[in-house]
Amino acid sequence: MNDIEAELDDYLARYADTLTSYDAHAAAGLWGTPGMILTDEQGAGVLESREAMAAGLEQSYPLYRRLGLASVGYERLGHERLGDTIFLVRVRWLFYDSDGNRMTDSHGSYILRRGDEGLRAFVCVPADDAEKLQALAAEKGVDLAT
């Protein structure tokens, strides 16, 4: 493993830890501003501040708790250097219940930039999280509308 792979893995592990602990402010701290989520369905959503990012993350936590999410892991599927300080990272997120059983996974791509604070995400392109979240909710009988 080279230095950038170790740095990327450290970043992803810290991000997974913030998701496991439902710490929206720590998760938002791993983003640069503005941050963008880019999807086929919704288009581009831009969050101008870390406070807005934290608020957005906190909105999803009640559903994750109802689904029984207890921890998050990851597999770094690949990365590409786009510039001196900019990297494209492909990730498979792994979601586990309190017994350590994998509930589901999701794939995403992130554009990270290394600055004075270290690596920070600026763009996320989720590939399949909405579909997999819907399938998990249906399997568990959880209504996504509530």
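Quick note: the coordinates plus some simple rules give every number you see, no bench work behind them. Everything numeric in this text was worked out from a predicted model, so none of it was measured. Neighbour counts are summed over all protein chains in view; Cβ atoms, including those assigned to glycine, are modelled from backbone coordinates with ideal geometry.
For ASP99 and GLN59 in one chain, what is 0.36 nm times their gap in residues minus the Cα-Cα distance, to one decimal in nm?
On the way: separation 40, 0.36 × 40 = 14.40 nm, distance 2.47 nm.
Computed gain between ASP99 and GLN59 is 11.9 nm.
Once you list every other residue whose beta carbon is under 13 Å from the beta carbon of ALA54, what net charge do they have if Lys and Arg are +1 and Asp and Glu are -1? Kindly include the intermediate steps, with their values, before the conclusion.
Values: positive: ARG50; negative: ASP23, GLU48, GLU51, GLU58.
Charge balance in the 13 Å sphere: -3.
Classify the stretch 33-79 from the C-alpha gyration tensor, please: rounded if a/c falls under 1.5, else prolate or oblate depending on whether a/b exceeds b/c.
Values: a/c = 1.74, a/b = 1.20, b/c = 1.45.
Since a/c reaches 1.5 but b/c is at least a/b, the shape of the stretch 33-79 is classed as oblate.
Considering only DSSP beta bridges where both residues belong to the chain, give the percentage that are antiparallel (nearest 5). Before the final figure, lay out the partial values.
Values: 34 of 37 bridges.
The antiparallel proportion sits near 90 percent.
Pairing the Cα long axis of helix 50-67 with the longest principal axis of the chain, what angle in degrees results, from 0 to 90 and rounded to the nearest 10?
The two axes meet at around 30 degrees.
Using amide H atoms built 1.01 Å from N in the peptide plane, name the residues 5+ places from GLY29, or on other chains, whose amide H lies under 5 Å from its own.
none
Select from ALA135, ALA54, ALA13 the residue whose mean-square fluctuation is largest in a Gaussian network model of the chain (Cα-Cα springs shorter than 10 Å).
Ranking ALA135, ALA54, ALA13 by mean-square fluctuation puts ALA135 first.
Does the stretch 50-105 classify as rounded, prolate or oblate by the C-alpha gyration tensor (a ≥ b ≥ c root eigenvalues; a/c under 1.5 gives rounded; else a/b over b/c gives prolate, otherwise oblate)? Show your work: numbers first, answer last.
Working: a/c = 4.24, a/b = 1.44, b/c = 2.95.
Verdict is oblate for the stretch 50-105.
Modelled label-to-label distance, LEU88 and GLU48, 7 Å Cα→beta-carbon offset: nm?
Placing both labels 7 Å beyond Cα along the Cβ direction yields 3.0 nm.
With charges set only on the Cβ (+1 for Lys and Arg, -1 for Asp and Glu), what does the dipole of the chain come to about its Cα centre, in debye to the nearest 20? Working shown, then result.
Working: 14 positive and 25 negative charges, 20 e Å.
The calculated dipole for the chain is roughly 100 debye.
Specify the inter-centroid distance of the stretch 98-146 and the stretch 1-75, based on alpha-carbon positions, in whole Å.
8 Å
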